[in-house]
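**Student:** The structure under discussion is supplied below as structure tokens; questions concerning it will follow.
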Amino acid sequence: MPGRAYGRHLHALVCAHAERRQNHSTFFLRNRPELELICRLLKQKAQGSNLNLCVLACSKGAEVYSMLWAIRSARPDLKVSTYAVDIAQDILDFAREGVYSLSRPPVLGAVTTGAEVEEERVTWNTYRDQGPGQDVPIFERVTPKEVEAIFEIVGDKAWVRSWLKQGITWLKGDAGNPELVRTLGPQDIVVANRFLCHMAPPAAEKCLRNIERMVRPGGYLFVSGVDLDVRTKVARSLGWKPVADLLQEVHEGDGSLKNGWPFEWWGLEPFCHDLPDWRIRYASAFQIGETT
């Protein structure tokens with residue numbers, strides 16, 4: 001369609017001139033179809049078997065805990081070992097604590113001493129990068145019932161329940177570093193969402209090729225929030241098999257990315273069946289290699 005083609009052209013111009021930068025915005029239960037797809041893929045796992053999961057660029061931990069809540073609710077028999085990796089030590093430490101503020105941030109920097117300093121730190125990190133005004137709740141996609149299941153509420157703090165924090169190794173690391181592959185070992189599922197778009201395309205492609213090496217043969221790679229041309233090129237060249245189940249639903253499952261297209265460099269191109277390569281272009285999950 002002419003309108004869609006013009007949108008892609010406009011978005012390409014935006015990306016070519018944008019100053020890309022990393023940020024730590026995130027949400028609990030950010031993409032529900034993605035969580036559903038992960039659980040569906042686990043149906044093939046034998047009763048009581050091991051699951052090695054790696055979440056790269058784990059940021060504040062919201063998506064790590066969301067995935068573990070979905071997985072352990074659907075398959076409590078699995079023995080899940082999780083690597084949560086981020087390049088920023090301060091945000092990794094915050095994620096490890098698993099404590100989030102239910103209060104909106106005050107005027108940051110106004111508090112200087114005592115317990116109020118810690119209060120401000122938790123609130124500031126919870127709302128860090130959360131929208132233009134730093135005030136978009138990290139919990140906005142979670143129902144009250146789900147809040148009760150995932151957290152223990154104490155005052156105005158939400159503490160991630162202990163059973164969700166079990167088996168997580170929090171690791172400072174760079175997804176583009178080849179040494180990380182040896183550190184992690186083969187993973188059944190690697191999640192590399194919403195950080196590759198912050199890189200220039202050549203750097204993102206090099207990083208994505210490194211990430212592929214972290215997935216065991218027959219395992220799965222989830223990679224959304226990336227320039228679609230970069231992902232398509234790498235997927236084709238390395239022979240990735242797109243997961244057809246919930247393909248469109250996962251692509252459209254995070255409204256915050258979809259709403260940014262075509263005027264924001266991080267915006268996500270709308271789904272289009274008219275393109276000849278739509279299955280590989282819009283897939284967010286891929287099976288890597290052959291099952292051994």
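**Student:** Considering amide H positions built from the backbone, and no H for Pro or chain starts, which residues 5 or more places from Lys241, or on another chain, come under 5 Å of its amide H?
**Tutor:** Excluding prolines and chain starts, which carry no amide H, the hits are Gln287, Gly289.
**Student:** Filter Lys233/Lys258; Lys45/Lys172; Lys43/Lys233; Lys165/Lys233; Lys165/Lys206; Lys60/Lys145 down to the pairs with a C-alpha to C-alpha distance above 26 Å, please.
**Tutor:** Lys45/Lys172; Lys43/Lys233; Lys165/Lys233; Lys165/Lys206
**Student:** Can you tell which of Ala203, Gly48, Val191 lies farthest toward the positive end of the dipole of the chain, using +1 and -1 charges on the Cβ of basic and acidic side chains (Lys, Arg; Asp, Glu)?
**Tutor:** Sorting the options by dipole projection puts first Gly48.
**Student:** While we're here: Radius of gyration and Dmax for the range 137-190's Cα atoms, expressed in Å?
**Tutor:** 16.1, 44
**Student:** Next up: Could you work out how much longer the chain between Asp77 and Val117 gets when fully extended? Use 0.36 nm per residue separation minus the Cα distance between them, nm to one decimal.
**Tutor:** Net length gain for the segment: 10.3 nm.
**Student:** Could you tell me the center-to-center distance, by alpha carbons, between the range 10-27 and the range 197-229 in angstrom?
**Tutor:** Each part's Cα centre sits 17 Å from the other's.
**Student:** I want the local charge near Asn177. Using Cβ-Cβ distances under 15 Å, sum +1 for each Lys or Arg and -1 for each Asp or Glu among the other residues.
**Tutor:** Summing Lys/Arg as +1 and Asp/Glu as -1 gives +1.
**Student:** Still on this structure, please answer the following. Under the rule of at least 5 residues apart or a separate chain, name every residue whose amide H is placed under 5 Å from the amide H of Asp227.
**Tutor:** HN-HN under 5 Å from Asp227: Cys197.
**Student:** Given the rule -39500 (n - 2.57) for each run of at least 4 DSSP H residues, summed and divided by the residues of the chain, what is its mean residue ellipticity at 222 nm, to the nearest 500 deg cm²/dmol?
**Tutor:** When only DSSP H runs of four or more count, the value is -11500 deg cm²/dmol.
**Student:** Amide H of Val80 versus every other amide H placed in the peptide plane: which residues, excluding those fewer than 5 positions away on the same chain, fall under 5 Å?
**Tutor:** Distant-sequence amide H within range of Val80: Leu51.
**Student:** Using a basic spin-label model with each label point 7 Å from the Cα along Cα→Cβ, how many nm lie between Lys145 and Leu275?
**Tutor:** Result for the modelled spin labels: 3.7 nm.
Where a number appears in this text, it was derived from the coordinates with a stated rule and is not lab data. These figures come from a predicted structure and were not determined experimentally. Glycine also receives a Cβ, built like all others from the backbone with ideal geometry; neighbour counts cover every protein chain displayed.
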